[in-house]
Amino acid sequence: MEYTENKQQDNSTTVTQFLFLGFSDLPNIQGFLFGMFSIMYMIILIGNSFIIVIVRIDPALQKPMYFFLANFSFLEICYVSVTIPRILYNLWTQDRSICLLACAIQLFFFLILATTECFLLAVMSYDRYVAICNPLHYPLVMNPAKCSQMAIGSWLSGIPIQIGQTCQIFSLHFCYSNRIDHFFCDIPPILKLACGDTSMHELSVYLAQNHCHHFEVTNSHRTSKSLLYMFFPSGGIINYWKTNSIHSVVTDEILSLFYTIVTPTFNPLIYSLRNKDMKHTRIKEENNASTVTQFLLLGFSDLPNLQGFLFGMFSIMYLINLIGNIFIIVITRIDPTLHKPMYFFLTNFSFLEICYVSVTLPRILYSVWAQDRSISLLACATQMCFFLVLAATESILLTVMSYDRYVAICNPLHYPLVMNPTKCTLLAVGSWLCVMPFQLGQTCQIFSLHFCKSNKIDHFFCDIPPVLKLACGDISLNELYVYVVAILLAEIPFILILTSYSKIIATIMRLPTAQGRAKAFSTCSSHLV
């Protein structure tokens with residue numbers, strides 16, 4: 001009876017969190033891996049964002065093929081964002097634990113996006129089939145409504161299957177171990193930790209994923225991208241083979257790297273560098289209406305006698321900004337006494353300020369010096385996108401800094417626990433990343449308009465109001481979107497900052513000594529100003 005009782009107790013002890021072992025056996029190259037994956041992630045984000053923007057702003061690319069390509073590029077951004085940020089976090093903090101809920105969410109989105117990718121590649125191959133084999137029927141068959149239906153169907157069709165598959169896997173008990181021999185939550189390494197017979201689960205995995213892979217291969221998308229996915233598919237035959245074969249964990253990781261990171265890196269290279277339309281993209285005339293191909297920045301052009309003075313003044317201000325912020329970053333890094341959350345966020349803020357002014361000031365200096373005020377639509381869209389992303393990041397980062405001061409002054413005993421290195425890293429990374437979807441969407445929306453009134457921007461850089469003034473047609477929806485984004489990314493953070501400092505000031509005023517109040521004010525007054 002005692003043995004049976006102990007056995008039941010052991011069986012009832014289930015895993016509550018997992019530990020990723022991926023790359024943990026390579027302690028000497030953690031920094032190299034972090035740098036390599038960061039670069040690849042940036043290539044994927046920038047390259048695919050470039051494709052989306054180009055497709056949106058160039059009327060010559062308003063075709064079904066590029067509509068699906070824009071969908072595919074957005075899908076790739078989402079796909080890699082499910083895994084790479086978690087990998088970077090593990091490498092940076094060396095915290096490899098993940099709770100069951102987070103693991104299930106990661107697996108669910110990974111499976112959904114992998115399935116969507118499969119169907120979208122099949123749709124793209126069908127589009128090429130109709131265009132080449134039935135060119136006369138192509139405009140009728142691949143009309144805008146049909147293309148939208150096929151794209152939406154690709155995104156939605158796999159959701160019920162993958163919801164069921166994720167629920168089925170995480171309804172198992174995991175009592176053998178909590179160590180996943182992988183760098184993200186994938187099906188085979190998770191099934192290895194499950195108690196009991198998993199053969200039915202493996203069969204359902206094979207049926208669900210091999211169906212998608214078969215659908216893609218039978219349509220035979222004729223690009224090198226499709227060939228890469230045939231050899232390194234996001235699931236399907238490779239995942240099933242991995243579950244049922246004996247080979248090293250290193251082989252698993254290498255194969256997974258190909259279908260989660262390496263192949264998405266090829267997408268912008270294949271479609272932007274090897275595609276003639278993408279290489280020679282340009283704005284053409286539509287419906288006999290003349291459209292703008294470049295803008296002219298009129299800022300300071302009405303001060304011809306002060307061009308040299310303006311150039312000197314802006315150059316000095318730019319150098320002060322660069323030297324001052326670099327000095328803060330270096331001092332914070334080399335001085336151990338400044339390795340605190342407040343200065344960690346200040347370092348991020350200084351780096352952000354360098355990027356922020358570098359979006360506008362070099363262009364101003366060039367315009368003033370060379371008297372060449374022309375700027376292409378792509379360069380204008382790029383400048384606006386980075387300006388909006390960095391401005392919004394600044395707003396969120398200032399809010400995070402005010403929260404740091406709030407915890408330090410209002411809850412000093414809990415400060416080391418609340419603002420631990422992991423939490424600080426997450427807050428900083430979140431400040432940089434959370435604004436990107438909003439501002440990328442806003443930029444695409446603005447530059448999908450037609451500009452036919454004039455090409456003269458009454459400003460010294462590409463900002464939203466002067467650019468919208470040049471657009472044809474109704475821009476009320478664009479203005480509404482600008483207003484909504486401003487509320488979310490500017491006004492709400494501003495209110496949170498004021499709320500934090502109202503509580504900080506109330507706490508400081510209750511301190512018993514004038515010296516204590518002065519010290520508390522000194523730590524946060526510069527940020528508040």
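The values are calculated or read from the model by the stated rules, or taken from the named source; none is laboratory data. Please read all numbers here as calculations on a predicted model, not as lab measurements. Quick reminder, even Gly has a Cβ in these numbers, built from the backbone with ideal geometry, and neighbours come from all protein chains shown. What goes into the accessible areas is simple: the full protein's heavy atoms, side chains included, and nothing from ligands, DNA or RNA. Shrake-Rupley method; radii C 1.70, N 1.55, O 1.52, S 1.80 Å.
Structural remarks
- Residue 384 meets each of the listed conditions (1) under 22 Å from residue 448 (Cα atoms); (2) open to solvent by 60 Å² or more (accessible area, probe 1.4 Å) apart from (2).
- Lone qualifier among 112, 87, 98, 57 - being β-branched (Val, Ile, Thr) and in contact with a strand residue (DSSP E or B) (Cβ under 7 Å, 6 or more places away or on another chain): 98
- Sub-7 Å Cβ pairs linking a first residue in the range 485-502 that is within 11 Å of residue 402 (Cβ to Cβ) and touching a residue at least 60 places away in the same chain (Cβ under 8 Å) to a second residue that is open to solvent by 60 Å² or more (accessible area, probe 1.4 Å) and among the aliphatic types (A, V, I, L, M), at least 6 apart or interchain, are 501/528, ordered by first then second residue.
- Looking across the range 423-434, the residues that are assigned to a helix (DSSP H, G or I), over 14 Å from residue 342 (Cβ atoms) and open to solvent by 40 Å² or more (accessible area, probe 1.4 Å) come down to 426, 429, 432, 433.
- Cβ-Cβ under 8 Å pairs, at least 6 apart or on other chains, the range 329-343 side closer than 18 Å to residue 425 by Cα, far side surrounded by 14 or more Cβ atoms within 10 Å (Cβ to Cβ) and acidic (Asp, Glu): 341/404; 342/404
- Residues within the range 291-318 that are small (Gly, Ala, Ser) and over 40 Å from the mean Cα position of the chain (by Cα), tallied: 1
- Comparison of 523, 499 shows that the only residue that is surrounded by fewer than 16 Cβ atoms within 10 Å (Cβ to Cβ), within 36 Å of the chain's Cα centre (by Cα), in a helix (DSSP H, G or I) and modelled with pLDDT of 85 or more is 499.
- Taken over the range 118-174, the criterion of being basic (Lys, Arg) and either free of Cβ contacts under 8 Å to residues at least 12 places away in the same chain or not in a helix (DSSP H, G or I) (or both) is satisfied by 146 alone.
For (1) under 30 Å from residue 18 (Cα atoms); (2) modelled with pLDDT of 90 or more; (3) among the charged types (D, E, K, R); (4) over 19 Å from the mean Cα position of the chain (by Cα), each residue gets a yes or a no:
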| residue | (1), (2), (3), (4) |
| --- | --- |
| 91 | yes, no, no, no |
| 110 | yes, yes, no, no |
| 140 | no, yes, no, yes |
| 143 | no, yes, no, yes |
| 147 | no, yes, no, yes |
| 153 | no, yes, no, yes |
| 164 | yes, no, no, yes |
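- For the range 83-101, a residue qualifies if it is in contact (Cβ under 8 Å) with a residue 40 or more places away in the chain and either open to solvent by 20 Å² or more (accessible area, probe 1.4 Å) or among the aromatic types (Phe, Trp, Tyr) (or both), and the qualifying residues are 85, 86, 88, 89, 92, 93, 94, 95, 96, 97, 99, 100.
- Residue tally, condition part of a loop (DSSP other than H, G, I, E, B) and in contact with a Cys (Cβ under 9 Å, 6 or more places away or on another chain), over the range 185-195: 3
- Residues located in the range 356-377, provided they are open to solvent by less than 40 Å² (accessible area, probe 1.4 Å) and of a type in the set (A, V, I, L, M, F, W, C): 357, 359, 361, 364, 365, 368, 375, 377
- Within the range 102-123, the set of residues being open to solvent by less than 10 Å² (accessible area, probe 1.4 Å) and among the hydroxyl-bearing types (Ser, Thr, Tyr) comprises just one member, 116.
- For the range 397-408, a residue qualifies if it is hydrophobic (A, V, I, L, M, F, W, C) and open to solvent by 30 Å² or more (accessible area, probe 1.4 Å), and exactly one does: 398.
- Within the range 39-70, being open to solvent by 30 Å² or more (accessible area, probe 1.4 Å) and under 26 Å from residue 432 (Cα atoms) holds for 39, 40, 42, 43, 46, 50, 56.
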